[in-house]
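The values are calculated or read from the model by the stated rules, or taken from the named source; none is laboratory data. Note that this is a predicted model, so its numbers are computed, not measured. Note that we place each Cβ from the backbone using ideal geometry, even for glycine, and neighbour counts take in every protein chain shown. The protein model used for the area step is the full one, side chains on, heavy atoms only, and it has no ligands, DNA or RNA in it. Shrake-Rupley method; radii C 1.70, N 1.55, O 1.52, S 1.80 Å.
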Amino acid sequence: MYPQGMTEKCKVIALTNQKGGVGKTTTAANLGVSLARQGKKVLLIDADAQANLTMSLGYSRPDDLPVTLSTIMQEMIDDHPFDVAKSILHHEEGVDLLPANIELSGLEVRLFNTISRESVLKTCINEVKKNYDYVLIDCMPSLGMLTINALAAADSVVIPTQPHYLSAKGLELLLRSVSKVKRQINPHLRIDGILMTMVIPRTNISKEITETVRSAYGQKIRVFDTQIPHSVRAVEATAEGKSLFAYDKNGKVTAAYEWFGREVMEIGKKQRKQDRTDCIR
């Protein structure tokens with residue numbers, strides 16, 4: 001048996017950082033495809049009203065989609081029957097997507113007056129998680145109600161951050177928020193690690209800030225071995241509505257995301273082993 005709130009099969013990961021422009025959406029899409037290429041069933045959830053994940057996977061007009069995450073969550077808030085499966089899009093690169101559009105921004109306000117407002121997204125995910133090995137939630141760049149919902153639904157958190165001074169400084173606030181959700185809402189939540197993105201390896205500032213993050217947080221929180229290099233190809237792939245695996249299969253950023261997918265899977269294996277040991281005790 002597993003601890004309450006966890007299943008052996010599916011792992012829910014929230015990719016979050018309240019600072020925008022740190023490669024969070026690119027990481028969500030390419031981690032998802034990387035895991036799918038290794039035989040895993042993956043659901044990507046776009047929990048950002050800007051719908052960047054939805055558009056980066058080729059759905060260029062998200063406001064025209066008939067059913068999105070906001071539709072499903074609104075039906076749940078109104079206590080209407082809902083079918084999460086009917087809103088899931090099946091992408092040609094082997095991942096599924098629960099898309100978003102601008103309607104999600106209005107939903108954030110409505111959540112404040114909702115009973116069990118922190119667990120609406122969790123209820124939604126629980127309807128379909130039996131069909132997947134991984135659910136990846138691309139959070140909006142804020143610490144609002146939708147991000148709280150994502151953290152309440154997640155088993156773990158991955159924090160993409162750039163090797164910039166302000167990005168590193170913002171980590172403290174994010175880590176405090178994760179800690180608060182763990183304490184008050186989701187006691188099983190853990191941080192899988194900090195992923196350095198858009199790294200220019202040979203620059204002093206990249207090295208210095210990466211080392212600062214490792215020394216400040218590395219004893220308590222994993223800083224992933226994989227680093228995602230800076231590349232214009234990642235921006236081009238997003239504009240084309242493709243993952244890097246489809247757009248630039250031999251590129252250095254693509255290789256980095258392939259390694260990152262393996263690292264995430266390895267963490268999952270170790271955690272499941274540890275949870276089994278804890279249960280036996």
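Quick look at the values:
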{"quantity": "Complete set of residues in the stretch 186-203 that are surrounded by fewer than 16 Cβ atoms within 10 Å (Cβ to Cβ) and touching a helix residue (DSSP H, G or I) at 6+ places or on another chain (Cβ under 7 Å)", "calculated": "ILE200"}
{"quantity": "Residue among VAL232, VAL213 that alone is surrounded by fewer than 22 Cβ atoms within 10 Å (Cβ to Cβ), closer than 16 Å to THR25 by Cα and of a type in the set (Val, Ile, Thr)", "calculated": "VAL232"}
{"quantity": "Every pair of residues 6+ apart whose Cβ atoms lie under 6 Å, when the first sits in the stretch 33-61 and is over 21 Å from GLU236 (Cα atoms) while the second is of a type in the set (S, T, N, Q)", "calculated": "ALA49/SER105"}
{"quantity": "Members of the stretch 229-261 found to be modelled with pLDDT of 95 or more and charged (D, E, K, R), listed by number", "calculated": "GLU258"}
{"quantity": "Test: residue in the stretch 163-181 that is outside any helix (DSSP H, G or I), open to solvent by 20 Å² or more (accessible area, probe 1.4 Å), over 25 Å from VAL67 (Cα atoms) and in contact with a strand residue (DSSP E or B) (Cβ under 9 Å, 6 or more places away or on another chain)", "calculated": "yes"}
{"quantity": "Any hit, the stretch 67-83, residues being closer than 20 Å to CYS139 by Cβ, of a type in the set (Gly, Ala, Ser) and in contact with a Pro (Cβ under 6 Å, 6 or more places away or on another chain)", "calculated": "no"}
{"quantity": "Residues that are under 18 Å from the mean Cα position of the chain (by Cα) and open to solvent by less than 20 Å² (accessible area, probe 1.4 Å), drawn from the stretch 92-126", "calculated": "VAL95, LEU97, LEU98, PRO99, ALA100, ASN101, LEU104, VAL120, LEU121, CYS124, ILE125"}
{"quantity": "Verdict on ASP192 being over 20 Å from ARG37 (Cα atoms), over 18 Å from the mean Cα position of the chain (by Cα) and in contact (Cβ under 8 Å) with a residue 12 or more places away in the chain", "calculated": "no"}
{"quantity": "Given (1) more than 21 Å from VAL157 (Cα to Cα); (2) polar (S, T, N, Q); (3) assigned to a helix (DSSP H, G or I), index of the condition ASN250 fails", "calculated": "(3)"}
{"quantity": "Flag for ASP48 being farther than 21 Å from PRO229 by Cβ and more than 14 Å from the chain's Cα centre (by Cα)", "calculated": "no"}
{"quantity": "Residue, surrounded by the fewest Cβ atoms within 10 Å (Cβ to Cβ), within the stretch 62-72, restricted to residues that are over 17 Å from the mean Cα position of the chain (by Cα) and touching a residue at least 12 places away in the same chain (Cβ under 8 Å)", "calculated": "ASP63"}
